[in-house]
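The values are calculated or read from the model by the stated rules, or taken from the named source; none is laboratory data. It should be emphasised that the depicted structure is a prediction, and the values quoted were computed from it without experimental measurement. Neighbour counts run over all protein chains shown; Cβ positions are idealised from the backbone, glycine included.
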Amino acid sequence: MTMLVVEVYARKDCKPCGLFSKKSCCVLCADVKDVISRVNNDIPFQFKEVDIALDTALDRRYNLDIPTVFINGKKAFKFRIDETEFRKKVRKEIIKAGLLRLSIKKRQQYT
């Protein structure tokens with residue numbers, strides 16, 4: 001079974017936001033990571049942080065659009081994340097993955 005992947009594209013230093021919290025992370029990034037962490041406690045998925053500063057193509061593309069959240073490779077949120085909406089999107093992707101596996105199994109049974 002392939003696990004759902006949630007990725008946050010940001011910078012490790014978070015400087016472009018200009019919104020620093022007491023931690024070395026900006027407020028936007030900290031809020032996004034807090035929401036993702038809370039949801040991940042209830043719904044299992046793989047969480048990855050992608051430092052766009054390490055890849056010039058990503059840095060160019062997402063330079064000021066951080067944090068950006070992807071669910072299974074699909075852009076889901078930019079800057080802020082709504083917990084209720086995030087939960088809905090994660091559940092939807094899990095259901096889609098389950099239905100895809102079922103349809104593949106059925107096709108294999110009939111061939």
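Would you pick out the residues in region 45-65 that are exposed (fewer than 10 other Cβ atoms within 10 Å of the Cβ) and in contact (Cβ under 8 Å) with a residue 12 or more places away in the chain?
The answer is 64, and nothing else.
One line per residue, one yes/no per condition, for (1) at pLDDT 60 or above; (2) crowded, with 19+ Cβ neighbours inside 10 Å:
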| residue | (1), (2) |
| --- | --- |
| 9 | yes, yes |
| 18 | no, no |
| 28 | yes, yes |
| 37 | yes, no |
| 41 | yes, no |
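From the list 68, 2, 56, exactly one residue is modelled with pLDDT of 90 or more and more than 10 Å from the chain's Cα centre (by Cα). Which is it?
Answer to the check: 56.
Looking only at region 34-85, count every residue that is of a type in the set (Phe, Trp, Tyr) and assigned to a helix (DSSP H, G or I) and tell me the total.
Number satisfying all stated conditions: 1.
Given the condition modelled with pLDDT of 90 or more, crowded, with 18+ Cβ neighbours inside 10 Å, within 17 Å of the chain's Cα centre (by Cα) and part of a strand (DSSP E or B), answer yes or no: does some residue in region 89-103 qualify?
No, region 89-103 has no match at all.
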